[in-house]
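Every number in this text was worked out from the coordinates using simple rules, so none of it is lab data. Nothing here was measured: the structure is a model prediction, and the numbers come from that model. Neighbour counts are summed over all protein chains in view; Cβ atoms, including those assigned to glycine, are modelled from backbone coordinates with ideal geometry.
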Amino acid sequence: MKEFSSLKGFKDLLPGESERWEWVESIARTTFRAFGFSLIRTPILERTALFTRSIGETSDIVEKEMYTFKDWNGGNITLRPEGTASVVRAYLEKTSHTPILPAKFYYSGPMFRHERPQAGRLRQFHQLGAEIIGEIDPRQDVELLSLLHTFFKRLGVEGLTLELNSLGCPVCRPAYRTSLKTYLEEHLPTLCEDCQRRFMANPLRILDCKKKECRVITKKAPPPLDYLCQECSDHFKSVQKGLRKLNISFVIRPHLVRGLDYYTKTAFEITTTALGAQNAVAAGGRYDGLVAALGGPATPAIGFAIGMERLMQLVPPSPFQNLPLHLFLIPLGKMAGEYLFPVLYALRRKELRCEMGKENASLKSQMKRADRLGARFVLIVGEDEIDRGTTVLRDMATKEQINIEFTELTETILSNVGLRD
RNA sequence: GUGGGUGUAGCUCAAUGGUAGAGCACUGGUCUGUGGCUCCAGCGGUUGAGGGUUCGAGUCCCUUCACUCACCCCA
């Protein structure tokens, strides 16, 4: 058994839990559609270059977390570690000719990163994301955030905080970067080892370091907001104004940065205090440079991704867990079994959830089984019934039993049981 | 990759170094064709694995594996 156990960080989604996922996914579909997004499904495997180019050569994901293999023809392929790169690739490859901009996609599916598993972090995990490609208007930022807001509200998830920041753009970021490095350089020896390494590769990420010694220093570091160019500054103000108008609360977190290289301007995270260390339930931002970086025309875009496993921990129990049976058929003896089996088939074709017991098992044990499966009704057929040409339908809750003639069995059952969920 | 914690029945957990147990679950009976509740019985284990100390190890020591939390990273 053990030699076939599932891989570390790879989990089965089992009945009892899967019903909740289906429920969340159904809310997602109606909500995302209402906001004008269409489903896109991209392959799980992509060329490795797609991710190294989009996420960034020096990001941790690309450096040490990707599942990368050689394809049969020798090319490098990678199990996708995130969704945005593939969506942009598909947009450029297949749909950029349709001139209705912005293009609005949503996706849902597994992502893969080889990390050490812990609470809210798996090697195969699932993201639900949305992307708006081809529009720079700050209203798009607000739209996207209002979609997130609505979605979480419909799921009944409470206690979330929307954290907001702006990371600037290629016009203003270089100046900021220089100024930040100048500040950090003085304190370089007191920074943690990781941050000393980041100083060269990705100094912005030092702002996000949780270590005490670094926080003392970064607390007084200049935030990106102080260096925004006119355009970025106006954009950020418009986003905030838009959110206030929709009554969506948020906090500015000047030191919020993103781990992926492609982000510009608006960056955000939705956090909770209920998940321990992995406190980001959703995150995203603008990536106005990514489409061009992947070989397309300069095209602004914005998107987010929700961590499904993390979200599921916050979703209150839904009424859809463990779907109960409409009807359980109890045959007593071989004759009854042969009679009821086609009836089972006929009722299932009418979309009734039903199961049938074993004909040689006792009535008592079959009743017990019906009870455990949550059956609302039970249909009993034994020798007596076959002699009389009738069956017994029992309401499990009220214990009322009625006799039904063989000839009108299906119709009567359907009208009694109904198709209520 | 680095630390900490935990591994005993299907599940949740007991057992001063001295015969491996309880509750829940499961099967059956109590009730020979009527579920949940009660009571009774039954089923169930190489104590994660390997080695060592000891008359004797679930318990102490070493190794290893798994799970888990945190660092890291990120959704």
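Overview of results
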| item | result |
| --- | --- |
| Loop GluC sites (Glu not before Pro), region A:148-238 (other Cβ atoms within 10 Å of the site Cβ: 11 or fewer; DSSP) | A:Glu158 |
| Projected label distance in nm at A:Asp387 and A:Ile44, using a 7 Å step from Cα toward the beta-carbon | 5.8 nm |
| Extreme residue, positive dipole direction of region A:217-338, given options A:Val257, A:Ala336, A:Phe304 (C-beta unit charges) | A:Val257 |
| Value of relative contact order over chain A, rounded to a whole percent, pairs C-alpha under 8 Å and six or more apart | 15 percent |
| Neighbourhood net charge (14 Å Cβ-Cβ; Lys/Arg +1, Asp/Glu -1) for A:Lys237 | +1 |
| Pairwise label distance in nanometres, A:Ala175 with A:Lys212, each label 7 Å out on the Cα-Cβ vector | 3.8 nm |
| Helical mean residue ellipticity (222 nm; -39500 (n - 2.57) per DSSP H run of 4+; nearest 500) of chain A | -10500 deg cm²/dmol |
| Selection from A:Tyr345, A:Ala370, A:Leu323 lying farthest towards where the dipole of region A:323-420 points positive, charges on Cβ | A:Leu323 |
| Length added when fully stretched, A:Leu323-A:Asn247, from 0.36 nm per residue minus Cα-Cα | 23.6 nm |
| Reachable aspartates and glutamates, given that their alpha-carbon falls under 17 Å from the alpha-carbon of A:Lys11 and they are not under 8 places away in the same chain | A:Glu3, A:Glu19, A:Glu22, A:Glu115, A:Glu309 |
| For region A:5-121, size of Cβ-based charge dipole, Lys and Arg +1, Asp and Glu -1, in debye | 180 debye |
| Region A:182-273, Cα convex hull volume normalised per residue, Å³ | 121 Å³ |
| Residue order, fewest to most beta carbons within 10 Å, for A:Leu246, A:Leu311 | A:Leu246, A:Leu311 |
| For region A:212-367, the Rg and Dmax computed from alpha carbons only, in angstrom | 28.8, 84 |
| Cβ-based charge dipole, chain A, positive-most Cα from A:Leu184, A:Gly134, A:Ala292 | A:Leu184 |
| Scattering profile of region A:323-420 at q = 0.12, 0.16, 0.18 Å⁻¹ [log10 I(q)/I(0), Debye over alpha-carbon scatterers] | -0.31, -0.57, -0.74 |
| Point-charge dipole on Cβ atoms (K/R +1, D/E -1) for chain A, about Cα centre, debye to 20 | 1080 debye |
| Lysines whose Cα lies under 29 Å from that of A:Lys241, excluding same-chain neighbours fewer than 8 positions away | A:Lys104, A:Lys153, A:Lys219, A:Lys220, A:Lys265 |
| Calculated FRET value between A:Thr398 and A:Leu13, using beta carbons and R₀ = 45 Å, to 0.05 | 0.80 |
| Lys, Arg +1 and Asp, Glu -1 on Cβ, resulting dipole of region A:183-237 about Cα centre, debye, nearest 20 | 320 debye |
| Exposed-loop-free span, longest in chain A, where trypsin sites (Lys or Arg not before Pro) count as exposed if DSSP calls them loop and at most 16 other C-beta atoms lie within 10 Å | A:42-209 |
| Longest to shortest principal axis, alpha-carbon extents of chain A, angstrom | 95, 52, 46 |
| For region A:77-224, the spread of Cα positions along each principal axis, largest first, Å | 51, 39, 39 |
| Once exposed loop chymotrypsin sites (Phe, Trp or Tyr not before Pro) are cut out (DSSP; at most 14 other Cβ, 10 Å), longest piece of chain A | A:73-319 |
| Projected area averaged over orientations for region A:260-315, convex hull of C-alpha atoms, nm² | 4.4 nm² |
| Region A:352-421: GluC sites (Glu not before Pro) falling in loop per DSSP and having at most 11 other Cβ within 10 Å | A:Glu400 |
| Estimated vicinal HN-Hα couplings, Hz - region A:177-188 in sequence order (Karplus 6.51, -1.76, 1.60; Gly, Pro = x) | 4, 4, 5, 5, 5, 4, 5, 5, 4, 4, 9, 3 |
| For region A:367-421, alpha-carbon Rg and Dmax in angstrom | 11.5, 34 |
